[in-house]
Amino acid sequence: MSNPLLQKHALPAFSQIKPEHVKPAVEQAINDCKKTIEQVLKDNTVYTWKNLVAPIDEADDVLGKLWSPVSHMNSVVNSDELRDAHESCLPLLSEYGTFVGQHEGLYQAYKQLAESDEYQTLTVAQKKVIDNAMRDFKLSGIALNDQDKKRYGEIVTRLSELGSKFNNNLLDATQAFKVHIEDNNQLSGLPDSALAAAAELAKADDKAGWLFTLDFPSYLPIMMYCDNAELREQMYRAFVTRASDQGPNAGEFDNSEIMAELLQLRHELAQLLGFESFAEKSLATKMASNIDEVMDFLNDLATKSKAQGAKELSELLEFAKQESGAEQLNAWDLPYYSEKLKQQRYTISDEELRPYFPKDKVVDGLFDVVHRLFGLTIKEREGVDVWHDDVKFYDVYDANQSLRGSFYLDLYARAKKRGGAWMDECVGRRAISETAVQLPVAYLTCNFNAPVGDTPALFTHDEVVTLFHEFGHGIHHMLTQIDAAGVAGISGVPWDAVELPSQFLENWCWQPEALAFISSHYETGEPLPQALLDKMLAAKNFQSAMQMLRQLEFSLFDFTMHAEYDPTKGDQIQQVLNKVRDQYSVVKAPDFNRFQHGFGHIFGGGYAAGYYSYKWAEVLSADAFSRFEEEGVFNKATGHDFLTNILEKGGSQEPSDLFAAFRGRAPQIDALLRHSGIAAR
Ligand SMILES: [Zn+2]
């Protein structure tokens, strides 16, 4: 029997992988991993890197390398059979994760190694792998006494139930509300695409006319374009009261008690593990080192954005007054007038920009950018087994012409391919002997429009930015020089720092010096005109302070609520939110607004006490780029510094140390404010 997933290939044999190969291969690989762990623990009494970490890494690498193409194909060439095969393995993988995280013998072995003399002789990266393992064991509750361990297990189970109940309530509340419109006079202002989608929804419900729901693609066009203020108000009230004690379905899907219990149990869990608060626990795996650092960061950004936010709001009020004579704006009027103002000031359509960004120009331009910055040369390799004809394979050579890594590039949308854009690992860098390393391979996946006829694929500027973003993740993965798998490339990089290289690389999409060779009109050969670029920059920063304040409101609410939780007071959700709003919001939320009851990121997802990460990463990337602004956007020495201090180091050191090594100081918020067009004061 030949299962291509169980044979040794340098690269996955995509054309041979069939759904029936998946489960047997995964079962066997997991078995091998478990056997390796038990064997390592049985064979040794004194644990070393070589007899503990290395053999387990090697077994995990086999599992990782066979699961990667399965999971990837499930995303990009999906079929019912493949989906079933993929799904049938998820419980096995999650069970293996628990097996490792809860393995007492393995924990004791790591503990011994962490406290050994050998530990002191290991490389920085190897030490970090062991430190991370010890941290993760601690967070998984394995160091607790039996009674606390039991309580830990109960809390974790209950938290996951509560999170999924929260999401279910939100989903049910979202689906419970519909507005059916039969008279299209009530829908003036809506674009044809939104009307067509609403007509489809009505048809699916056996109705004539138009149907609108609280799903974002249905809700948003109403708020932005519909001239009918009553309809906007009706939709707004329903949307911001979902799953709460307010609004059209008040009390029916109410998340209030779930949220209170979530906060209480998160706090108890954090204390059980030896943290003061859940916020402190959240920071154990992040770049930010303590609560004050995060709070100061958020408060500083908010303080510096407030004056401009107020100014943007008053401009909007002035505009609305001229348009309609309105003396004040309600919450459901803001997106509507904002869109009108934006259209008036910066009408610029994707269709105007597309001709300047033909595919070859953009892709070659991207390769040229990383050549100028980091000395890379990227060459297509023919004859590689891929999952679809459109997919290309490239090798990445450094300035010394050494091969550093490779990637698959899958640019176009098609049936059976998941939407969005992402970078994922195919193979990770790791030492395979004293002298040899396994080189990293990445998947770069986008969903752009494919070429039609003889016209090349033409990208919007947003798509160009997306490609650069994902390529930034890609070079983080591919250029790493770290040989310890657990902290090579993006592995082990805290998630408030992992977006640094990706958002960083986006900056070149806005630089005239780079646009000169990224863009070229596919018929006339002209680069993007400066006037269009200026308009794009202005549009990018439209109401940027108001948007900044909104994101900061979410972040401060999330973080404060988890940092200041006091079990004797119970939940203070509304109070904390009101306080944050009093301090920083320029737009007053109506009393009935229960935004928090639909804040799935923190109550139903993994962002609890971590929502600030979005802004944190933006500050890092803007500040890193500002050194290029000072020294030249294609300054080779600056590029080399970024390569050696950030990209090559992966997760081997604290990101704050890596950042400081590159920037010569701690991150500052000024560059982000400046790039956002916010004049700090
Ligand atoms: Zn990203």
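Each value in this text was obtained by applying a stated rule to the coordinates, not by laboratory testing. None of the values given here were measured: they were computed from a predicted structure. Backbone-built Cβ (ideal geometry, glycine too); neighbour counts: all protein chains shown.
Taking square-rooted eigenvalues a ≥ b ≥ c of the alpha carbon gyration tensor, is region 41-86 rounded, prolate or oblate, where a/c under 1.5 means rounded and, failing that, a/b exceeding b/c means prolate?
Here region 41-86 falls in the prolate category.
Go ahead and run the numbers for FRET between residue 399 and residue 339, Cβ-Cβ distance against an R0 of 45 Å, rounding to 0.05.
Taking R0 as 45 Å, the efficiency between residue 399 and residue 339 is 0.45.
If you stretched the chain out fully between residue 412 and residue 595, how much longer would it get, using 0.36 nm times the residue separation minus the C-alpha to C-alpha distance?
62.3 nm
Give the lysines whose C-alpha is closer than 23 Å to that of residue 35, dropping any in the same chain fewer than 8 places away, or say none.
Residue 35 reaches 8, 23, 50, 65, 111.
What is region 525-638's relative contact order, in percent, from Cα pairs under 8 angstrom and six or more apart in sequence?
With pairs under 8 Å counted, the relative contact order is 27 percent.
Place a label point 7 angstrom from the Cα of residue 531 along the Cα-to-Cβ direction, then list the residues of region 452-467 whose backbone nitrogen is under 20 Å away.
It comes to 461, nothing else.
For an R0 of 45 angstrom, estimate the FRET efficiency from the Cβ-Cβ distance between residue 541 and residue 156 and round to the nearest 0.05.
Approximately 0.55, to the nearest 0.05.
So if each residue of separation counts as 0.36 nm, and I subtract the Cα-Cα distance between residue 322 and residue 574, what length gain in nm does that give?
Separation in residues times 0.36 nm, less the Cα-Cα distance, equals 87.2 nm.
Rank 47, 15, 70 by how far each Cα sits towards the positive end of the charge dipole of region 1-75 (+1 on Lys, Arg Cβ; -1 on Asp, Glu Cβ) and give me just the farthest.
Looking along the dipole axis, the top candidate is 15.
When we measure straight from the Cα of residue 342, which lysines land under 22 angstrom away, once same-chain ones fewer than 8 places off are left out?
Within reach: 306, 311, 321, 535, 540, 588.
What FRET efficiency, computed as 1/(1 + (r/R0)^6) with R0 = 51 Å and r the Cβ-Cβ distance, is obtained for residue 119 and residue 303, rounded to the nearest 0.05?
Here the calculated transfer efficiency is 0.70.
Which peptide among 591-603, 531-543 comes first, and what is the full order, when sorted by highest mean count of other Cβ atoms within 10 Å?
By packing density, highest mean first, the sequence is 591-603, 531-543.
Relative to the Cα centre, what is the charge dipole magnitude of region 1-127, using +1 at the beta carbon of each Lys and Arg, -1 at the beta carbon of each Asp and Glu, and rounding to the nearest 20 debye?
220
Would you mind calculating the relative contact order of the chain from Cα pairs under 8 angstrom and at least 6 residues apart, reporting the percent as a whole number?
Across the chain, relative contact order equals 15 percent.
Under 1.5 on a/c is rounded, so check that first for region 1-56, then, if it is not, pick prolate when a/b is larger than b/c and oblate when it is not; a ≥ b ≥ c are the square roots of the alpha carbon gyration tensor eigenvalues.
prolate
Per DSSP helix of 4 or more residues, -39500 (n - 2.57); summed, then divided by the residues of the chain. What does that give at 222 nm, rounded to the nearest 500?
Rounded to the nearest 500, the figure is -18000 deg cm²/dmol.
What is the distance, in nm, between label points placed 7 Å from the Cα along the Cα-to-Cβ direction at residue 220 and at residue 389?
For the pair residue 220/residue 389, the computed spacing is 3.4 nm.
Contact order normalised by length for region 93-252, with contacts defined as Cα pairs under 8 Å and 6 or more residues apart; what percent is it?
Taking the mean separation of contacting Cα pairs over the length of region 93-252, I get 16 percent.
Points 7 angstrom from Cα along the Cβ direction at residue 45 and residue 635: gap in nanometres?
Label-label distance for residue 45 and residue 635, simple model: 5.9 nm.
Can you sort 560, 285, 524 from fewest to most other Cβ atoms within 10 Å of each residue's own Cβ?
Least crowded to most crowded, the residues run 524, 285, 560.
Considering only C-alpha atoms, what is the centroid distance from region 230-291 to region 76-136, in Å?
30
Based on the alpha-carbon gyration tensor of region 77-168 and its eigenvalue square roots a ≥ b ≥ c, which shape applies: rounded if a/c is under 1.5, prolate if not and a/b is larger than b/c, or oblate?
Judged from the Cα gyration tensor, region 77-168 comes out oblate (a/c at least 1.5, b/c at or above a/b).
Sorted by mean Cβ packing within 10 Å, highest first, what order do the peptides 507-515, 438-446 take?
Order by mean packing, descending: 438-446, 507-515.
Taking the Cα centre of region 566-626 as the origin, how large is its charge dipole in debye, to the nearest 20, when only Lys and Arg (+1) and Asp and Glu (-1) carry charge on their Cβ atoms?
My answer is approximately 160 debye.
Arrange the following residues from fewest to most other Cβ atoms within 10 Å of their Cβ: 613, 305.
Ordered by Cβ neighbours within 10 Å, fewest first: 613, 305.
Mind ranking 92-103, 67-78, 223-234, 325-336 by how tightly packed they are, going by the mean number of other C-beta atoms within 10 angstrom, highest first?
My ranking of the peptides, most packed first, is 67-78, 223-234, 325-336, 92-103.
To the nearest 20 debye, what is the magnitude of the charge dipole of the chain about its Cα centre, counting +1 on the Cβ of each Lys and Arg and -1 on the Cβ of each Asp and Glu?
Roughly 580 debye, rounded to the nearest 20.
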